[in-house]
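Remarks on the structure that follows.
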Amino acid sequence: MKPLSLLLSVALGLVTAVSAGPAVIECWMVEDAGGGRLTKKPAALLLRQGPGRLPPRPDLEPELYLKVRAVLTVLTHTPTPRIRLGQDALLDLKFAYMPPASEAATSLAPGPPPFGLEWRRQHLGKGHLLLAATPGLSEQMPPAQEGAVAFAAWDDDEPWGPWTGNGTLWLPAVKPFQEGTYLATVHLPYLQGQVALELAVQKPPKVSLTPAPLVWATRGEAPPQLQCLVSHFYPSEGLEVEWELRGGPEGSFQKAEGQKWLSALLHHSDGTVSLSAHLQPGPITAEHHGARYACRVHHPTLPALGRSAEVTLEVAGLSGPTLEDGVGLFLSAFLLLGLIKALGWAAAYMCTSKDSKEKKAQ
């Protein structure tokens, strides 16, 4: 078999420990075809622990086994970052380079080689360059978009390697349009490595329920309509609203009965959305007094139990005086006050008349 000059470029989505037994990583090889031409071929890197012979592969000819060294590794510890809307995003990126022994021995310029870094975003079928950086050539690079900043630098300057570098991307105050697939590519002479990150922007909803308290004033009629406001959340997908009745006559918890519907989405300038859920409760009785209606909201940004708000049902006449009772009490108090004032005036008049008669008698 003709000897080949090969360099192996490996791109990893995240750091994983190699467990007992071999592991396979998809990668590619860059072959020096001569005449300054390079060819790129797909490959599979077989990782194994400890010394020993190569495991047999009946599907490969023995002469196809190649012992190579991974010279460029690109990886991230946060392959699927979830960032709250309005907060800064930090997309972690690390890379490492180990030069072949022959290159290190003949290099005329000790120290880490020059490199280039690119960050691109792809979302909804569209993609564009977000940032390109080449240390030492910043004046020749296009300006970064959306306030993005990359920490593009080697972490060490050992004369013959290995070297590690940092290409972490910082995005200030992320907005919904900035979610998507972020492709980070590190370029070295004759080598490149790439890793993809899936950035999701999210904001949990606020939940409020009105009217509070819920007063059933007229027996025989339906109670007032309940409105559950689910406000300023993102994304709009995955929202569910449930209605519960807690402490009713049939037990401590049950699904609320009645007519239910949702409003259309209301879009806000910051990219979030809001909607309102409505419930027209079914027939109730005096036994429902003190029960609580609850609106429970489920959304991908919330814990498994979701988020809820509740109001207490009050049957007029059981929890306190009715409106008619209040009017009667007010009129009674007004009449009593008038009576007290009238008696005071009468007593004062009688005292004045008595004093006048006594003076005339003297």
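Each value in this text was obtained by applying a stated rule to the coordinates, not by laboratory testing. This structure is a prediction, so every number in the text was calculated from the model and none was measured. Virtual Cβ from ideal backbone geometry, glycine too; neighbours counted across all protein chains shown.
Details
- For region 180-193, Karplus couplings with θ = phi - 60° (6.51, -1.76, 1.60), whole Hz, Gly/Pro x: x, 8, 9, 9, 10, 10, 10, 10, 10, x, 6, 9, 7, x
- Whether region 224-316 is rounded, prolate or oblate, judged on the alpha carbon gyration tensor where a/c under 1.5 counts as rounded: prolate
- Cβ-based net charge around P110, under 10 Å, with every Lys or Arg adding one and every Asp or Glu removing one: -2
- Using R0 = 30 Å, the C-beta based FRET efficiency linking E242 and A264 works out to 0.90.
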